[in-house]
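Trainee: Can you keep this structure in mind? I'll have questions shortly.
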Amino acid sequence: MTGHTRSADRIAMWLGGGLVLLGTAGLGLAGTFVGERAWLSVDVRGTLVVLGLAVLACYAVYRAVAGDFVSPR
């Protein structure tokens with residue numbers, strides 16, 4: 001990052017990245033510690049990952065369309 005991020009940019013990055021990490025590493029580790037393989041449905045984990053990727057994709061489209069019109073601080 002170049003230091004030209006808005007709060008909306010940070011929210012999109014945190015939300016998208018958080019959902020992807022929760023769906024992959026977070027729930028995978030939780031399932032490992034619980035000890036049950038079917039503790040949480042694969043559909044739920046997949047949905048969280050897809051939602052995170054969708055947020056990041058929408059953010060990428062927004063940045064491509066909006067351009068870099070942020071004033072430096």
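Trainee: Would you be able to tell me the number of residues in segment 29-49 that are outside any loop (DSSP other than H, G, I, E, B) and surrounded by 14 or more Cβ atoms within 10 Å (Cβ to Cβ)?
Mentor: Of the residues in segment 29-49, the ones outside any loop (DSSP other than H, G, I, E, B) are 29-34, 42-49.
When the remaining residues are screened for being surrounded by 14 or more Cβ atoms within 10 Å (Cβ to Cβ), the result is 31, 45, 48-49.
Residues in segment 29-49 being outside any loop (DSSP other than H, G, I, E, B) and surrounded by 14 or more Cβ atoms within 10 Å (Cβ to Cβ): 4 in total.
So that you can scan it fast, the table gives a plain yes or no per residue for (1) modelled with pLDDT of 85 or more; (2) under 11 Å from the mean Cα position of the chain (by Cα):
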{"site": "21", "(1), (2)": "yes, yes"}
{"site": "37", "(1), (2)": "no, no"}
{"site": "40", "(1), (2)": "no, no"}
{"site": "43", "(1), (2)": "yes, no"}
{"site": "46", "(1), (2)": "yes, no"}
{"site": "52", "(1), (2)": "yes, yes"}
{"site": "57", "(1), (2)": "yes, yes"}
{"site": "60", "(1), (2)": "yes, no"}
{"site": "68", "(1), (2)": "no, no"}
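The values are calculated or read from the model by the stated rules, or taken from the named source; none is laboratory data. Note that the structure is predicted; figures quoted are calculated from it, not measured. Backbone-built Cβ (ideal geometry, glycine too); neighbour counts: all protein chains shown.
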